1. Each residue of region 327-332 in turn: what ³J(HN,Hα) in whole Hz from Karplus with 6.51, -1.76, 1.60 and θ = phi - 60°, glycine and Pro shown as x?
2. With θ taken as phi - 60° and the coefficients 6.51, -1.76 and 1.60, list the Karplus ³J(HN,Hα) couplings across region 292-297 in order, rounded to whole Hz; mark glycine and proline as x.
3. Considering only DSSP states other than H, G, I, E and B, which trypsin sites (Lys or Arg not before Pro) in region 284-366 qualify as loop sites with at most 12 other Cβ atoms within 10 Å?
4. Taking region 289-360, how much of its Cα-Cα pair set, in percent, is spaced more than 15 angstrom apart?
5. At 7 Å along the Cα-to-beta-carbon direction for both L122 and N418, put a label point, then send me their distance in nm to one decimal.
6. Between E30 and D254, what's the calculated FRET efficiency when r is the beta-carbon distance and R0 is 41 Å? Round to 0.05.
7. Within the set K317/K442; K353/K395; K317/K358; K317/K421, which residue pairs have Cα atoms separated by over 23 Å?
8. To one decimal place, what orientation-averaged projected area in nm² is obtained for the convex hull of the Cα set of region 333-390?
Amino acid sequence: QRKNYEEEIEQLTEKERCLLSERIEKTFKELKDLLSKNKACDESNEHIFKTTKKRIDKQKCPKEEKLANIEKVQLAFENVQKRLQVLQDEEFLFLLVDGTEIDRTQIALTFGSVISSANLLLLLYDYLRENELCEIHLLNIAYFVLFLARNNTETNFFEKNNTIPFNLIIEELEKQPLSSHNDISKVLEQLHALISQSRNSVSFQRKVAISLEDASKKVSSFLRQVISISKKSKTLIEECAKNLFQLNSRLYSDLIPYDLVRVNNKEKNMPRVDFIIRVYNNFSMHFVVKSILEQEELINRACLIRFYIDLSKKCLKMNDLVASYTIYNALVHSSIGRLHSSFDTAFQEKGYKEKYQKIEEFFTVAGNFPNVRKLIREKRSSSSFVIPPIAIFLKDILFAEEVSPIVGYATKRSYNYNKIKDVYELIQDFLSFQLKVKEHSKRIFKQKFKNNHIARYLLQDPSLFSQIEDELYELSQKIEP
């Protein structure tokens with residue numbers, strides 16, 4: 001049967017072959033179980049049992065012989081599976097050895113979603129041990145191993161069982177006849193330097209030489225200034241917007257591609273991204289929401305709502321979508337959105353209701369943030385810059401990784417290179433503004449980071465900020481029942 005359909009099997013895609021393999025294995029197992037029991041099966045398998053029994057009766061040979069035939073076919077198909085696995089592994093190695101630099105960068109970035117680290121290192125080690133590579137292929141493998149090491153200097157990749165095989169790969173690289181060539185020897189030197197580095201977990205909290213209490217006092221003082229000025233203060237709005245831009249540009253520019261691959265960070269749970277999200281959550285809850293609810297006077301709450309509407313609009317104008325989106329989220333939070341009297345009072349001043357509606361329309365979720373995505377595309381095509389919201393990116397990459405995950409079928413490995421490409425392009429697009437954002441921040445903002453009181457407040461250890469959501473909602477109900 002396998003020989004008759006061999007050409008058709010080879011024309012199938014890798015995924016189709018693996019699915020076919022799973023189904024045939026499952027069917028063989030069911031057949032063996034049913035035949036060996038020699039009794040009626042349960043209702044769910046009754047149809048399979050009757051069909052199989054009819055076929056066996058027609059052939060008029062002992063059941064043992066039929067079981068032996070089934071096992072032979074099963075063994076034959078397992079051999080086909082092994083051949084397919086070899087072909088897939090060869091294709092994978094071909095991309096590392098003879099593919100483009102982008103191929104190697106993509107696989108080094110997302111290898112965890114393609115193949116386990118143990119299998120990857122084993123494949124590379126066996127290949128280097130069994131083959132003498134030309135200079136180009138050897139250099140390509142060396143660069144790939146270097147990419148892999150660089151991406152993992154801040155992870156637990158080199159712990160547990162990976163350190164020994166990784167060192168063996170470097171030894172095999174050095175044993176290659178052409179390893180003494182200048183470019184290759186330089187790469188090997190860099191590899192040794194990376195391996196010998198201390199890989200203690202990195203603290204993603206920036207050093208801030210100020211206590212949370214002192215930072216809170218400075219922020220409270222700033223907000224009192226806002227309330228004390230009855231009319232719109234462009235100076236205070238611009239000062240706050242600049243402080244937020246400086247903070248967000250620093251957090252955004254510090255990200256590296258590897259931080260954004262979920263599958264690579266399973267054990268550490270994407271620590272850089274988690275820290276950034278906690279900073280934004282603290283800005284939303286402990287800065288915006290809390291400052292409004294702490295005002296007992298209706299007029300003061302209305303004043304702060306107008307201030308945050310203006311601030312969100314100003315941040316949007318400065319291309320800081322992160323700050324603008326975070327402020328908007330705070331204003332629609334359940335503890336704030338229910339303050340109808342406060343919003344009605346705030347909207348009594350001309351133009352503020354229209355401003356709020358425009359911000360609301362811009363950040364509409366309907367259609368998967370169409371206006372935000374459109375602006376990002378326009379900024380990219382015009383070679384401008386923007387700080388994109390990380391929340392939208394995480395939604396995209398979750399969709400890309402979970403809808404058709406790259407996993408092995410049964411005990412086999414399967415490689416989905418289209419998925420690697422999709423994840424890589426998402427990350428590249430998200431980080432594409434980093435350089436221009438960093439340059440703009442340095443050129444425009446002369447203020448030193450240590451003098452940014454808002455940043456120093458929000459960059460405190462997130463664990464110092466208590467979970468106050470329930471407390472704030474109770475306060476909201478108290479001031480406006």
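1. So the J values, rounded to whole Hz, are 5, 4, 4, 5, 5, 9.
2. 6, 6, 6, 8, 6, 7
3. Taking region 284-366 and a limit of 12 other Cβ atoms within 10 Å, the loop trypsin sites (Lys or Arg not before Pro) found are K350.
4. Details: 1236 of 2556 pairs.
Cα-Cα pairs in region 289-360 separated by more than 15 Å: 48 percent.
5. 2.9
6. Values: r = 54 Å, r/R0 = 1.32.
Calculated transfer efficiency: 0.15.
7. In this structure, K353/K395; K317/K421 exceed 23 Å between Cα atoms.
8. Reported value for the Cα convex hull: 5.6 nm².
Values in this text are rule-based calculations from the coordinates and carry no lab data. None of these values were measured; they are calculated from a predicted model. As a convention, Cβ positions derive from the backbone with ideal geometry for all residues, glycine included, and neighbour counts pool all protein chains shown.
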